[in-house]
1. Scan the stretch B:43-84 for residues that are over 30 Å from B:K160 (Cα atoms), of a type in the set (G, A, S) and buried (at least 19 other Cβ atoms within 10 Å of the Cβ) and jot them down.
2. Have a look at B:L273, B:L247 and point out the one that is in a helix (DSSP H, G or I), away from chain A (no Cβ under 12 Å), of a type in the set (A, V, I, L, M) and buried (at least 24 other Cβ atoms within 10 Å of the Cβ).
3. Among the listed residues A:I31, A:I42, identify the single one that is more than 30 Å from B:A299 (Cα to Cα) and surrounded by 18 or more Cβ atoms within 10 Å (Cβ to Cβ).
4. When the residues of the stretch A:45-69 are narrowed to those that are within 24 Å of A:S120 (Cα to Cα) and in contact with a helix residue (DSSP H, G or I) (Cβ under 9 Å, 6 or more places away or on another chain), which ends up surrounded by the most Cβ atoms within 10 Å (Cβ to Cβ)?
5. A:G80 - would you say it is at pLDDT below 85, in contact with a strand residue (DSSP E or B) (Cβ under 8 Å, 6 or more places away or on another chain) and of a type in the set (G, A, S)?
6. Return yes when A:L215 is surrounded by 14 or more Cβ atoms within 10 Å (Cβ to Cβ) and over 16 Å from the mean Cα position of the chain (by Cα) and no when it is not.
7. Just checking, does the stretch B:77-91 include any residue being within 14 Å of chain A (Cβ to nearest Cβ), farther than 28 Å from B:S11 by Cα, assigned to a helix (DSSP H, G or I) and among the basic types (K, R)?
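The values are calculated or read from the model by the stated rules, or taken from the named source; none is laboratory data. Just so it is clear, the structure is predicted and the values come from calculations on it, not from any experiment. Heads up, the Cβs are rebuilt from the backbone with ideal geometry, glycines too, and the neighbour counts pull from every protein chain shown.
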Amino acid sequence: MLRLAILLSLLALPLKAEEVVLGLSRDKVAITATFEGSEILIFGAVKREAPIPDIPLDVVITVAGPSLPVTVRRKDRRFGIWVNTDTVRLDAAPTFYAVATTGPLDMVLSATEDLRHRVSIPRAIRSVGAASMAEDAERFTEALIRIRREQDAYQLRENTVSFDEQTLFRTAISLPANLTEGTYPARIFLTREGRVVSRLETVIDVHKVGLERWLFTLSREKPLLYGLMSLAIAIAAGWGASAAFQVLRRG
Amino acid sequence: MQIYLPIAEVSVNAFLLLGLGGIVGILSGMFGVGGGFLMTPLLFFIGIPPAVAVATEANQIVASSFSGVLAHLRRKTVDLRMGTVLLVGGLIGAAIGVVIFNYLKSLGQVDLLVKLCYVVFLGVIGGMMFVESLRAIRRTRRGAPPARKKHGWVHGLPFKMRFRTSGLYISVIPPVLVGVSVGILAAIMGVGGGFIMVPAMIYLLGMPTKVVVGTSLFQIIFVTAFTTLLHATTNYTVDVALAVLLLVGGVIGAQIGAMIGTRMKAEQLRILLAIMVLAVCSKLALDLLLTPSELYSIASGAGGH
């Protein structure tokens, strides 16, 4: 009876051929004083009511940090010395961004779909109006990506999602130690021949805890008290060292 | 051991910071400079955001110069009276300097001006000190008596005051003027001004080198404490965790530095300071002249400066 009910309700649903079912090894990352980065395992399965179609599926997974405005400057030679000449302000660039795929990104995702869902790293950066600030504004975006990729803040990890039997997928995203606090949206796309057939979004919550949390809150909410506390620590340490050395010299 | 800094939002090696603080602390105790002009680029290099580096280091300098001053006070090599006069001048100068800085900022290219200021001042001061102290060392080798203090126009000025520790009886006008001009420069260049103050006290005011170090540290404490509070309340960029790591090394270094300083001859101390100033100067000059490996730089936030 129960089985029949489930079957009936499934039939009643609008037929969506393939859907993502998702799991995360953790959906909260706590930044403590000794935080050294974190690895998050993203895994899941494709739910289907029909047999596996002939054309294979692909999986694209993105994890993004909070987006913040960024200023990129370029140096140029003027009168024999190198000075910052051009500046481009980008409206929003994620502080962290990782893309993991089952194959080369341009093969598993078409340019149109990339534009629509903002999947690849250049698309994840919003630069409306940047073109009016410099003639070659895209060079500044490229520079931002280059510098952040060197710091591992931006990661393009092609072929790192393992996809078994066209059903079970999993990948590990390593979050670096230099993490900004905030909610990190994670997106999973199922694609076939470059088109997105299904997508799912979830969030990973990254926040400071303990002493880190307390200091950060104090510095924002009671800045004067925080400043005085910093000075008190400095004076006490200076006096302490001096007193200790005096004892050492006598002893 | 990696430590995550709550305000800077970066993870750094704790021992590296302890070591950095220690080295800069030794220089601070030896020469009476805050060490900010050395620490800032080092902190940038290990990935601390510039705004946090500048603010936090002011806090660390409070600790190392306080530690240094206590060491010098015990040896009676701090001229408190002269320090206070310089400090009053310095605060007036800093207020004027902030106004000038904001005016320059509205014109743009303030970064470049600051760098050029650094190169010119460090080059001139370092060069002059180097030549002078080299001559002094040669003179003592030959066994000639040290040159007598000149009685110039400075001694004809009114408002004379006795500075017992420095062994001076001069008008307060030159020290106040020195304080004001160093204050202006310090505010524009964003440093405590120790490395300008020290040569100014030696050559312009004629203070003995030994007293200069402690006196300079004395006035640096107040300047940097004020800067720390300003940064903490307006920019929220003082990272106390970073400051603690740096100052543990810094206060110990300052004690060692003060100890080394007293065992050295005045002209040796001066020539070492001159070499250090010239080294920083040439590094900055090279940065301006050589083609950088990365032409682009990133600053968080839409504002920046």
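1. Selection gives B:A51, B:A53, B:A55, B:A58, B:A63, B:S64, B:S67.
2. Residue meeting the stated conditions: B:L273.
3. Result: A:I42 is the single residue among A:I31, A:I42 that is more than 30 Å from B:A299 (Cα to Cα) and surrounded by 18 or more Cβ atoms within 10 Å (Cβ to Cβ).
4. This residue is A:V60.
5. Criteria not met by A:G80.
6. Here the answer is yes, as A:L215 does meet what is asked.
7. So far as the stretch B:77-91 goes, no, none of its residues is within 14 Å of chain A (Cβ to nearest Cβ), farther than 28 Å from B:S11 by Cα, assigned to a helix (DSSP H, G or I) and among the basic types (K, R).
Residue-wise test of (1) under 30 Å from A:L179 (Cα atoms); (2) within 14 Å of chain B (Cβ to nearest Cβ); (3) not in a strand (DSSP E or B).
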site: A:G44; (1), (2), (3): yes, no, no
site: A:K47; (1), (2), (3): no, no, no
site: A:P53; (1), (2), (3): no, no, yes
site: A:V70; (1), (2), (3): yes, yes, no
site: A:R74; (1), (2), (3): yes, yes, no
site: A:R77; (1), (2), (3): no, yes, no
site: A:T87; (1), (2), (3): yes, yes, no
site: A:L90; (1), (2), (3): yes, yes, no
site: A:M107; (1), (2), (3): no, no, yes
